[in-house]
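Chemist: After the structure tokens below, expect a handful of questions from me.
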Amino acid sequence: MIRKFFSKFINKMSKSLAIDLGTANTLILTHDGKLINEPSVVAIQENNGSKKVLCVGSEAKKMLGRTPENTYAIRPMRDGVISDFIIAEEMIKHFMRLANSDKGLINPKVIIGVPAGATIVERRAIQDAAKSAGARYVQLVKEPMAAAIGAGLPVSDPMGSMVVDIGGGTTEIAILSLGGIVIAESCRVGGDRMDSAIAEYVKNEFQISIGESTAELIKTRIGAATLPPGAEDKSFIINGFDRVSGAPKRIEIKSSDVVKSIETPLIEICSRIKAVLDQAPPELASDIAESGICLSGGGALIKNIDVFFNSRLGLKFFPADDALMCVVKGAAKILYEMDDLKLESEQ
Ligand SMILES: Nc1ncnc2c1ncn2[C@@H]1O[C@H](COP(=O)(O)OP(=O)(O)OP(=O)(O)O)[C@@H](O)[C@H]1O
Ligand SMILES: [Mg+2]
């Protein structure tokens, strides 16, 4: 009784935070609706062997590929999990401080999305980093579950729902029913792989080298998964240097070029979706055939991606509303509204 009262008191005095610690972006949603949405990038300056955090988030992202000798812009998350523990901890600390700036007498309780395929070691690293960054209690939730809840799919119902969350580093594919994940697969192909495919294409076709930020800009501005007959073939101008002569060069890249360059990663995602569907029990497969497959994450914003998947797999695909927010919104819902729901979240 006293313990219950004390824990209620602590919850009132501190903020709870829902966190989507993504390879590309970190989102934090507080229970009063404050949103932090920043790239998962940290800029570090090194002086005589000691390291100092220069900036975190969008300021640091602007520095990617543009830093002087003793400065590094680092992405501490790779493939949805921590690749640089110390930097990740600094980044989480910075974002938690931003989210908790107007409260925070007591350290917050947090819920964090993790890839369904993350290993015990990878999950433990995320928990430890959040605790070192100041979290009082850390709950983990599998990202496809959070994405499905955030997208508004009826995950608690006795029927199959399917979500494909295409992030920067990973694509999470899952079939859910009765508040649990029935089958899930994490595939380490996402927006980053598409960016490198675009950079590779530009290098081979136009003989200029571009960085990952320019490739991402091309993808988000004019990218498409397919161009149906009559669709506009948009163009984008890139300024660079000829790889052979070194002379300045200006080229025009078109949506149809992006379609060709990202076909391979998209086909890879398609085959993983098919592999998950092949394992689905018949009843759930028929529910999914009827309701369609929900696309979330930043990759869901690629123009005509639903058309591309539909033409290859013959099933209906539909993008979630607010695709980039699904994981954080779902995690927040679990944290703030679904206390007593049977969910496969982990402590
Ligand atoms: N309009 C857009 N068109 C195409 N791609 C986009 C668009 N907006 C964002 N993206 C891509 O979405 C990806 C980021 O999505 P998201 O924020 O869901 O990833 P993440 O959660 O950080 O990564 P992960 O889930 O793999 O850890 C990036 O590759 C980005 O380039
Ligand atoms: Mg994600």
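Chemist: Compare the peptides 276-288, 190-202, 128-140 by average per-residue count of other Cβ atoms within 10 angstrom and give them in order, highest first. If you can, show how the numbers build up before the last one.
Modeler: Numbers: 276-288: 15.6, 190-202: 22.2, 128-140: 19.2.
Sorting 276-288, 190-202, 128-140 by mean packing, highest first, produces 190-202, 128-140, 276-288.
Chemist: Charges only on Cβ, +1 for Lys and Arg, -1 for Asp and Glu: so what's the dipole of the range 147-285 about the Cα centre, in debye to the nearest 20? All intermediate terms of the calculation are to be shown ahead of the outcome.
Modeler: Working: 13 positive and 19 negative charges, 92 e Å.
With only Lys, Arg, Asp and Glu charged at Cβ, the dipole is about 440 debye.
Chemist: Using helices alone, I'd like the mean residue ellipticity at 222 nm for the chain: each DSSP H run of four-plus residues gives -39500 (n - 2.57), total over residue count, nearest 500.
Modeler: On the way: 12 runs with 135 residues, N = 347.
Computed mean residue ellipticity for the chain: -12000 deg cm²/dmol.
Chemist: Under a Cβ-only charge scheme (Lys and Arg +1, Asp and Glu -1), can you give me the dipole magnitude of the range 97-195 about the Cα centre, in debye to the nearest 20? Working shown, then result.
Modeler: Details: 10 positive and 10 negative charges, 104 e Å.
Charge dipole of the range 97-195: 500 debye, to the nearest 20.
Chemist: With every protein chain kept in place and ligands, DNA and RNA left out, what is the accessible area per residue of the range 191-260? Probe 1.4 Å, answer in Å².
Modeler: Numbers: 3790 Å² over 70 residues.
Counting only protein heavy atoms, the per-residue value for the range 191-260 is 54 Å².
Chemist: Another question, then. Using per-residue counts of other Cβ atoms within 10 Å, averaged over each peptide, order 68-78, 256-266, 142-152 from highest down.
Modeler: Working: 68-78: 16.8, 256-266: 20.1, 142-152: 28.5.
Taking the mean over residues of other Cβ atoms within 10 Å, the ranking is 142-152, 256-266, 68-78.
Chemist: For the range 191-260, which whole percent of the accessible surface, found with a 1.4 angstrom probe, sits on carbon and sulfur atoms?
Modeler: Details: 1840 of 3790 Å².
C and S atoms contribute 49 percent here.
Chemist: Using a basic spin-label model with each label point 7 Å from the Cα along Cα→Cβ, how many nm lie between LYS316 and PHE85?
Modeler: Rounded to a tenth, the inter-label distance reads 4.8 nm.
Chemist: Given the peptides 295-303, 51-59, 239-247, arrange them by the average over their residues of other C-beta atoms within 10 Å, most packed first. Please report the intermediate quantities before stating the final value.
Modeler: On the way: 295-303: 24.4, 51-59: 16.0, 239-247: 11.1.
Those peptides, ordered most packed to least, come out 295-303, 51-59, 239-247.
Chemist: Which pairs, out of LYS109/LYS316; LYS131/LYS329; LYS260/LYS316; LYS34/LYS316, put more than 31 Å between their alpha-carbon atoms?
Modeler: Values: LYS109/LYS316 38 Å; LYS131/LYS329 22 Å; LYS260/LYS316 23 Å; LYS34/LYS316 34 Å.
Violating the 31 Å limit, Cα to Cα: LYS109/LYS316; LYS34/LYS316.
Chemist: Tell me whether the chain comes out rounded, prolate or oblate; compute the Cα gyration tensor, take square roots of the eigenvalues as a ≥ b ≥ c, and use a/c under 1.5 as the rounded threshold. Don't skip to the end; give the middle numbers.
Modeler: Details: a/c = 2.36, a/b = 1.17, b/c = 2.01.
Note, shape of the chain comes out oblate.
Chemist: Which percentage, to the nearest 5, of the DSSP beta bridges contained in the chain is antiparallel?
Modeler: Working: 44 of 61 bridges.
Roughly 70 percent of the beta bridges in the chain run antiparallel, per DSSP.
Chemist: With a/c under 1.5 counting as rounded, go ahead and sort the range 66-202 into rounded, prolate or oblate using the C-alpha gyration tensor (a ≥ b ≥ c being the square roots of the eigenvalues; past the cut-off, prolate if a/b is larger than b/c, else oblate). Please report the intermediate quantities before stating the final value.
Modeler: Values: a/c = 2.18, a/b = 1.15, b/c = 1.90.
Oblate shape, in that a/c is at least 1.5 and b/c is the bigger or equal ratio.
Chemist: Considering only protein heavy atoms, with the full assembly of protein chains and a 1.4 angstrom probe, order LYS62, LYS254 by accessible area, largest first. Before the final figure, lay out the partial values.
Modeler: On the way: LYS62 125, LYS254 70 Å².
From most exposed to least exposed: LYS62, LYS254.
Chemist: Could you tell me how far the Cα centroid of the range 37-113 sits from the Cα centroid of the range 192-233, in Å?
Modeler: 28 Å
The values are calculated or read from the model by the stated rules, or taken from the named source; none is laboratory data. What you see is a predicted model, and the numbers here were worked out from it, not measured in a lab. Cβ sites come from the backbone with ideal geometry, for glycine too, and all protein chains shown count toward neighbours. Surface accessibility is based on the protein's heavy atoms, side chains included, excluding ligands, DNA and RNA. Shrake-Rupley method; radii C 1.70, N 1.55, O 1.52, S 1.80 Å.
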